[in-house]
Amino acid sequence: MLNLVIFGAPGSGKGTQSARLIDSYGLHHISTGEVLRGEIARGTELGKLADSYISKGNLIPDELMIRILDDMLPTLLADGKGVVFDGFPRTIPQAEALEQLLLKHGTELHGVLGLEVPEPELVTRMLKRGAETGRADDNEETIKNRLNVYHAQTQPLQNYYQQKGKYLPIEGTGVVDEIFTRIATHIEKHTGQRPRK
Ligand code: AP5
Ligand code: MG
């Protein structure tokens, strides 16, 4: 089993590298942002609530986010392959909850892959995607707040996981394949596990 957090600022490539990870290592993927955008698209009550936070670039409350993850975990962990957590945890309480939830299921977190990308590049990537896909929170004003929220509430997790010996820093600039090779190297060094293909 291999449980990984893919960590980094908005636009750092978490979703892009998650796709490579699940394919190469045969893992399951949960992107909390995608889960919430799905709820918004379906117009559910949860979606309406989530939209009021996401559209401003703020985090949805920990308690709600943790409950959603708790509901999804049994399915994600059922076959024992492992999970890539993308966009979760984003706060210390979420990180503590993840540890407890994995423990409850008899497993643990094996590593935190921290994609490190300079801020100007993050902004360029998100503005480009906003123009190409119309993702609602990829506009200048919301991006600014997403980055502020990241620095205030999420970046402290880097130190949190460093202290636990689980933080693996990854240079997140360059070609997608190159970044993935760096990730695979770190995973092998840290856990001994190699891609299945
Ligand atoms: P979420 O969906 O997680 O968004 P995010 O963290 O802001 O990150 P992105 O999805 O924008 O970027 P990414 O790191 O996945 O990069 P990607 O691969 O897409 O969260 C959205 C919102 O949901 C939050 O603001 C919050 O409101 C809420 N939320 C979610 N989780 C929550 C939680 N746990 N608690 C509370 N609230 C939560 O790449 C970005 C772009 O760059 C793409 O266009 C991609 O093609 C491109 N790109 C990727 N790699 C490269 C490369 N190497 N070179 C050039 N371009 C690249
Ligand atoms: Mg993403």
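Computed from the coordinates by the stated procedures, all read-outs in this text should not be read as laboratory data. Please read all numbers here as calculations on a predicted model, not as lab measurements. Neighbour counts are summed over all protein chains in view; Cβ atoms, including those assigned to glycine, are modelled from backbone coordinates with ideal geometry.
Values computed for the structure shown
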item	result
Cα-projected label distance for Asn148 with Arg129, points at 7 Å along beta-carbon direction, nm	2.1 nm
Net charge of Cβ neighbours under 15 Å - reference Ala152; Lys, Arg +1; Asp, Glu -1	+2
Shape category assigned to the chain from the gyration tensor of Cα positions, a/c cut at 1.5	oblate
Spacing of the two label points (7 Å from each Cα toward its C-beta) at Gln162 and Lys81, in nm	3.4 nm
In segment 4-188, lysine pairs with alpha-carbon atoms under 19 angstrom apart (chain gap of 8 or more, or interchain)	8
Mean Cα-pair separation over length for the chain, i.e. relative contact order, pairs under 8 Å, 6 or more apart, %	32 percent
Qualifying trypsin sites (Lys or Arg not before Pro) for segment 120-156 [loop in DSSP, other Cβ within 10 Å: at most 15]	Arg135
Net charge of neighbours whose Cβ lies under 15 Å from the Cβ of Ile6, counting Lys and Arg as +1 and Asp and Glu as -1	0
